[in-house]
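Every number here is computed from the coordinates shown, using simple stated rules; none is lab data. What you are looking at is a predicted structure, and each value in this text was computed from that prediction instead of being measured. Reconstructed Cβ throughout: ideal geometry from the backbone, glycine too, with neighbour counts over all protein chains shown.
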Amino acid sequence: MTLRGLAAELGIAPAFMSDIEKGHRYPPNKEKLYELARILHLSEADTNTMFDLAAAEKENTVSPDLPEYIMNGSNVRVALRLARDKGIPDAAWQKVIDMLEAEETKESRSE
């Protein structure tokens with residue numbers, strides 16, 4: 001797919017798309033990123049990586065698929081602040097991820 005073709009599918013100007021590609025403009029909003037993932041047939045993991053890369057382009061920005069989840073869950077905010085204040089390392093977060101994945105596996109077996 002050409003840059004012009006992709007820009008047309010996204011409903012943005014080719015010059016705007018080119019500027020994003022070159023790092024001269026911030027990535028598009030969350031809705032356009034979801035549309036981009038759909039057009040490119042990205043997997044969930046690749047879509048998440050794209051969101052993380054888009055956030056990395058903007059200093060101190062959370063991946064665009066997360067703010068709503070964070071703000072709608074008071075325990076999420078409490079957990080994140082506690083982890084920040086305690087300086088919780090990635091290894092501890094990996095344990096949380098492993099626990100969540102084990103819970104998901106357990107739930108899918110019981111269905």
Cut-off under 16 Å on the C-alpha distance; same-chain residues fewer than 8 positions from Lys95 excluded. Which aspartates and glutamates are left, in chain and number order?
Glu103, Glu104
So between Glu59 and Arg109, what do we pick up on full extension, going 0.36 nm a residue minus the alpha carbon distance?
13.9 nm
Size of electric dipole in the chain: Cβ of Lys, Arg +1 and of Asp, Glu -1, about Cα centre, debye, nearest 20:
360
Just how many % of Cα pairs in the stretch 1-65 lie over 20 Å apart, if you round to the nearest whole percent?
23
What are the aspartates and glutamates whose alpha-carbon lies under 16 Å from the alpha-carbon of Lys22, with same-chain residues fewer than 8 places away excluded?
Glu57
Largest to smallest principal axis extent of the C-alpha atoms in the stretch 38-95, angstrom:
40, 25, 23
Could you work out the equivalent-ellipsoid semi-axes for the chain, taking the square root of 5 times each eigenvalue of the Cα gyration tensor, largest first, in whole Å?
32, 19, 12
Distance from the Cα centre of the stretch 58-90 to that of the stretch 39-56, in angstrom?
19
For the Cα atoms of the chain, what angle does the longest principal axis make with the long axis of helix 44-57, in degrees from 0 to 90, nearest 10?
80
